[in-house]
Amino acid sequence: MHAIVIGAGIIGVTTAFELRGRGFEVTVIERRPGVAQEASYGNAGVISTAYAGPWAQPGMPTKILGYLWRRHSPVIYRPSLAPAQWRWVARWLGECRLQRFRVNKQRMQRLAEYSRAVLHELRSRYSIDYEQAQGWLQLFRTEADVARARPSIEVLAQAGVPHRLLSAEECRALEPALVEGTPLSGGLHLMEEETGNCAYFARRIKDLAADAGVQFRFETPVRRLVFEGGRFVEAHTSQGTVRADAVVLAAGADGGRLLRGTGIRLPLYPVKGYALTARITRHEYAPMVSVMDEAYKVAITRMGNRLRVAGTAELGNRRLELREAALGTLYKVVRDWFPGAADYVQARPWVGARPMLPDGPPVLGATPVANLYLNLGHGSTGWAMACGSARVVADIVAGATPQIDLEGLTLDRFARGRKA
């Protein structure tokens, strides 16, 4: 049986690997020259079950309004006349209620926990090094940041996730490189969480998949999918037509375009994120524990001899152009905490589109089209959920029962008239 996977980011590559492991003939079609060259390339590197949660959370709309006219902001909102944007925003606002947040976060944590277990299994079996590091520290500049984090902390406690609230002094004891002088009210230490280089891992899985027989077609944009009699038949690409028995959409933000004509209504929207990668010049001034500035939603992660600084969400402009205002926020945050750690002048900037659904969890598995499957909508948590999502989808394509409960993780939650 021949399966096509569209997309060679971390989601698509792991999906292809899992499908091949179940005996499928697999072809991966990717518009870029290689794997992990879009959202998987410049992410913060967070592989966290505890931090995995929806962007829609209590207090977030007020926080966005509060930062709207400030020079530095965790969110850039550029309203447009596009109905899709307003529909997405309206649904997102509805998901910011506490009850909805708890439901969505629990769904995402369930998948992230399973995914971490699969990741560690693969790491052990194939001796994969992806610059992994242990520990995650959320920094709260003000008591208001602490208050906004309390619903998340309550969910962590209910789920039994190891964590510890720290004072400012305890934060600096844990991470001595934190500079004095920047306001700090405290922090949340997630001692069992992990970070790592997503692109490194994706390349290694790609090599393993290729060695097992997976075919990769790079620089091959998919123009459209063809359906006949309620079934997928073939993909029309820039390099010709590819026929298959099944297709898995793992195309990130491009997934919405490829679903046109299927009758599937998925509220997928591209939310842009930014990153800087800078060479560490003074290791004693660089963090050993990965940190997240909760006020600005900027993560700072050590990856080998480099610092990755990632964050800022821009909604409303689909063009992948670097904005000085967004990059300025990243520079501000990293210099606030670790001013002498790296060569920030020569830092490499990046911008990419995160494929986000308004409630947070991705959509996995079957669709009303018999042989069309989805692995879409992971937003900013694709790295944390990739290995588990891939195994779930491969199980479904193969007709097997996934090893986790898929409640709230399938297309069913967007069925018309259904309360998810």
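One table, with the values for the structure above:
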item	result
Crossing angle, helix 10-21 versus the chain [Cα axis fit, 0-90 degrees, rounded to tens]	50 degrees
Stretchable slack from S80 to R265, in nm (0.36 nm times residue separation minus alpha-carbon distance)	64.5 nm
Choice from H378, H236, H72 with maximal GNM fluctuation in the chain (Cα, 10 Å cutoff)	H236
Degrees, to the nearest 10: 83-94 long Cα axis against longest axis of the chain	60 degrees
Computed FRET value (nearest 0.05) for R231 with R71, which takes r as the C-beta separation and R₀ as 60 Å	0.70
Extension gain from A157 to S127, taking 0.36 nm per residue of separation minus the Cα-Cα distance	7.5 nm
FRET E, pair R335, L98, Förster distance 22 Å, beta-carbon r, rounded to 0.05	0.05
Theoretical gain in end-to-end length, V345 to R282 [0.36 nm per residue, Cα-Cα removed]	21.2 nm
Gaussian network model of the chain, springs between alpha carbon atoms under 10 Å - residue of Q239, Q106, Q132 with greatest fluctuation	Q239
Compactness relative to 2.2 N^0.38 Å, alpha carbon Rg of region 206-307	1.61
Unit Cα scatterers, Debye sum, region 293-363: log10 I(q)/I(0) for q = 0.21 Å⁻¹	-1.01
Modelled label reach - R203, point 7 Å along Cα→Cβ, region 325-355 residues with backbone N closer than 17 Å	348
Amide H contacts under 5 Å for A313, placed H, 5+ residues apart	V75, I76
Distance-filtered residues of region 100-122 - backbone nitrogen under 19 Å, label point 7 angstrom along T401 Cα→Cβ	111, 114
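Every read-out reported here was derived from the displayed coordinates using simple, explicitly stated rules and does not represent laboratory data. What you see is a predicted model; the values in this text were computed from it and never measured. Please note: Cβ atoms are built from the backbone with ideal geometry, for glycine as well, and neighbour counts cover all protein chains shown.
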